[in-house]
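This report concerns only the one structure given below.
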Amino acid sequence: MIEVQHLTKRYGPVTAVDDVSFTVERGEILGFLGPNGAGKTTTMRVLTGYMPPSEGKAIVAGYDVFDQPLEAKRRTGYLPETPPLYPDMTVREYLTFVARIKSVPRNDCTKRIGDMMERTRITDVADRHCGKLSKGYRQRVGLAQAMLHNPDVLILDEPTAGLDPKQIIETRELIKGLAGDHTIILSTHILPEVSQTCQRIVIINKGKIVAVDTPDNLTSRLRGSETMYLQVDAQGADAAEALQRVPGVTRVGIADARDSVTGFEVDSATGRDVRRELAAVIVGRGWGLLEMRPMRMSLEDVFLQLTTQDAAAQAAPAEEVTHE
Amino acid sequence: MNNILAIAHKELKSYFSTPIAYIVIGFFALLWGYFFWVMLLYFNQQSQLGGLGGGGSVDMNQQLIRPLFLNATVILLFLLPLITMRTYSEEKRSGTIELLLTSPLTDFQIITGKFLGAMGLYAAMLGVTVIHMVLLFSYGNPEWRPVVTGYIGLLLMGGCFISVGLFISSLTKNQIVSGIVTFGVFLLLWVINWPASFVGPTTQSVLNYLSITDHFDDFTKGILDTKHLVYYFSVISFGLFLTARAVDTERWRG
Ligand SMILES: Nc1ncnc2c1ncn2[C@@H]1O[C@H](COP(=O)(O)OP(=O)(O)OP(=O)(O)O)[C@@H](O)[C@H]1O
Ligand SMILES: [Mg+2]
């Protein structure tokens, strides 16, 4: 549904987006993740036809956004980073104007607007001026604007920025509910958001893609090993030695120690489940096993690892998934 | 066409939901009214003198309406920048340009829509002056033809200024800068042929040709000359063309 090929965008000497390629399947939600200045907004602006790429191309809903902009734009809804509202119009006037320029059929207009206001929960501010709305309401009006003409593709630049926690959940549900009929790209800094809403994540840093994968794969793959947290009622050094001898264990580290209770971090090769052996050894020695849980790398860790510079070099294997 | 009208309608509505439209129309009515009154006094004095002398004929068209139209030019120089200064600048500043440029609209539709919106407000502004004309027609009997061509000329001349103003507005995010530059350019266009009588015949005709206000003169005499019509339409198209170029360049630069 969306195909981005070797997209590069330069602002004078600044390369904001550098040779980015990815595809989004019909009905999928793709999360676009990256630190400030990574190039998320720039990529989205190219995809929506706001600006042409310096190199490469983007195909949205089967149309090249540069060669057939009108066809592509007809099928795209876009929520820019700052919701594009006219302060002097009421919400209803604004949506009516948007419906007109997006060629929503006249007879369908009122119903569609009412519908969209319901879904984004802005009906109660319908007759307020856009300029007088709070940030969260502006965001929601922006969202209503993007979805108004029922586009195949939705491009949402930080759709939950400025919303309260309840609204974030509602918006997330709304977006999830749209998937299937719509293909969605959303950008965000909020990591739990992508893991909960998106089927796939593109992590971008300094204009380059550093990883493309599902949230689950990303968290497990990057580690290269699995880590278990154990709390054992025993002397640290003794227990560490015993655990080290369990087959499959690659590393044992002491995480914390309090009185006679010690916490361990046990690494093992990926895909090898050593929980049973660990438990058997501990119980066999007559120690008490107080806690055992897998320590998965959180998406935050993944993100930080991928986007801080040194780690980016380390995570070089991630490069191979760049073009899928 | 529907898209153009949608934009024009939006523009016109935004003028009237801010003080701009009221300020512009208010000042125009005030200044026009003032000129009208002054001209009327002068005209009365002339006609009394004329009546006493029994000789020179007084002509309401020549001595009242025509100077009124010519003076209106000066009012336009001050007021039209207020109309055009925000058209693009404000959209760029507030980010609403992102909505327009990512909607299925062509640049041509957006620009034409904005132009027509500004023309709409300008026409409303001129509409106020119809009252004065009605007064003249009910108390005297001027010729209607120079009045009609005068209005056509005013509309076209204003259209030229508006299209130039639109272009300047498309160059900056700052509507104050846009307004000041527009005003400066209008002044230049107004005085451009002042040295005409002191220079060689070629330069003279070039300067006169460039002067937007100079072309207006014939309209106030009741002459509808294709030469001037072509000139005004070309200037308007050229201004709109430059605006389109500016919007496109901006898009590439990002
Ligand atoms: N109009 C512009 N002119 C020049 N440089 C720009 C322009 N817009 C963005 N940039 C630069 O391009 C780079 C990418 O910016 P972009 O806005 O795409 O980042 P982003 O990922 O959206 O960041 P954020 O998370 O802060 O929204 C930045 O270095 C920025 O300074
Ligand atoms: Mg951004």
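Number of residues in the stretch B:208-234 that are in a helix (DSSP H, G or I) and open to solvent by 30 Å² or more (accessible area, probe 1.4 Å): the value is 12.
Please work out if A:Y78 is within 16 Å of ligand 2 (Cβ to nearest atom) and over 19 Å from the mean Cα position of the chain (by Cα). No, not satisfied.
Going residue by residue through the stretch A:64-73, is there one that turns out to be within 14 Å of ligand 2 (Cβ to nearest atom) and among the basic types (K, R)?
As a first pass, look at the stretch A:64-73 and keep what is within 14 Å of ligand 2 (Cβ to nearest atom): none.
No; the residues of the stretch A:64-73 include none that is within 14 Å of ligand 2 (Cβ to nearest atom) and among the basic types (K, R).
Scanning for something within 13 Å of ligand 2 (Cβ to nearest atom) and under 19 Å from the mean Cα position of the chain (by Cα), does the stretch A:2-15 turn up at least one residue? No, because not a single residue in the stretch A:2-15 is within 13 Å of ligand 2 (Cβ to nearest atom) and under 19 Å from the mean Cα position of the chain (by Cα).
For the structure I just gave you, tell me whether B:S205 is over 27 Å from B:N44 (Cα atoms), of a type in the set (G, A, S) and open to solvent by 50 Å² or more (accessible area, probe 1.4 Å).
Judged against the criteria, B:S205 is a match.
Here's a check for you: in the stretch A:42-86, which residue that is surrounded by fewer than 22 Cβ atoms within 10 Å (Cβ to Cβ) and among the β-branched types (V, I, T) is nearest to ligand 1 (Cβ to nearest atom)? Result: A:T82.
Somewhere in the stretch A:66-88, is a residue part of a helix (DSSP H, G or I), in contact (Cβ under 8 Å) with a residue 40 or more places away in the chain and within 14 Å of chain B (Cβ to nearest Cβ)?
Of the stretch A:66-88, the ones part of a helix (DSSP H, G or I) are A:69-74.
Checking the rest, the ones that are also in contact (Cβ under 8 Å) with a residue 40 or more places away in the chain come to A:74.
So of that shortlist, the ones also within 14 Å of chain B (Cβ to nearest Cβ) come out as A:74.
Yes, that holds for at least one residue.
Annotation: A:V20 fulfils all but one of (1) open to solvent by 20 Å² or more (accessible area, probe 1.4 Å); (2) β-branched (V, I, T); (3) within 16 Å of ligand 2 (Cβ to nearest atom); (4) within 19 Å of the chain's Cα centre (by Cα); the unmet one is (1). Just one of the listed residues (A:T262, A:T214) is surrounded by fewer than 21 Cβ atoms within 10 Å (Cβ to Cβ) and either among the polar types (S, T, N, Q) or touching a His at 6+ places or on another chain (Cβ under 8 Å) (or both), namely A:T214.
For the stretch B:134-142, does any single residue satisfy the condition of being under 23 Å from the mean Cα position of the chain (by Cα), free of Cβ contacts under 8 Å to residues at least 40 places away in the same chain and within 14 Å of chain A (Cβ to nearest Cβ)? Looking for residues that are under 23 Å from the mean Cα position of the chain (by Cα), free of Cβ contacts under 8 Å to residues at least 40 places away in the same chain and within 14 Å of chain A (Cβ to nearest Cβ), one finds none in the stretch B:134-142, hence no. Filtered by the rule that a residue be touching a residue at least 12 places away in the same chain (Cβ under 8 Å) and either open to solvent by 50 Å² or more (accessible area, probe 1.4 Å) or part of a helix (DSSP H, G or I) (or both), the stretch A:89-115 gives A:V91, A:R92, A:Y94, A:L95, A:T96, A:V98, A:A99, A:S103, A:C109, A:R112, A:I113. Between A:E241, A:E291, the distinction of being assigned to a strand (DSSP E or B), at pLDDT 75 or above and among the charged types (D, E, K, R) belongs to A:E291 only. Report whether or not B:V247 is within 16 Å of ligand 1 (Cβ to nearest atom) and surrounded by 15 or more Cβ atoms within 10 Å (Cβ to Cβ). Answer is yes for this residue. From the list A:T160, A:T183, the one residue that fits, being under 29 Å from A:D18 (Cβ atoms), buried (at least 19 other Cβ atoms within 10 Å of the Cβ), touching a residue at least 24 places away in the same chain (Cβ under 8 Å) and within 16 Å of ligand 1 (Cβ to nearest atom), is A:T160. If you filter the stretch B:12-30 down to residues that are of a type outside the set (A, V, I, L, M, F, W, C) and open to solvent by 30 Å² or more (accessible area, probe 1.4 Å), you find that the one that is nearest to B:L68 (Cα to Cα) is B:G26. Only a single criterion out of (1) more than 16 Å from ligand 2 (Cβ to nearest atom); (2) farther than 23 Å from A:Q199 by Cα is not satisfied by A:M51, namely (1).
The values are calculated or read from the model by the stated rules, or taken from the named source; none is laboratory data. Values in this document were obtained by computation on a predicted structure and should not be read as measured data. Virtual Cβ from ideal backbone geometry, glycine too; neighbours counted across all protein chains shown. Note: accessible area is taken over every heavy atom of the protein model, side chains too, but ligands, DNA and RNA are not part of it. Shrake-Rupley method; radii C 1.70, N 1.55, O 1.52, S 1.80 Å.
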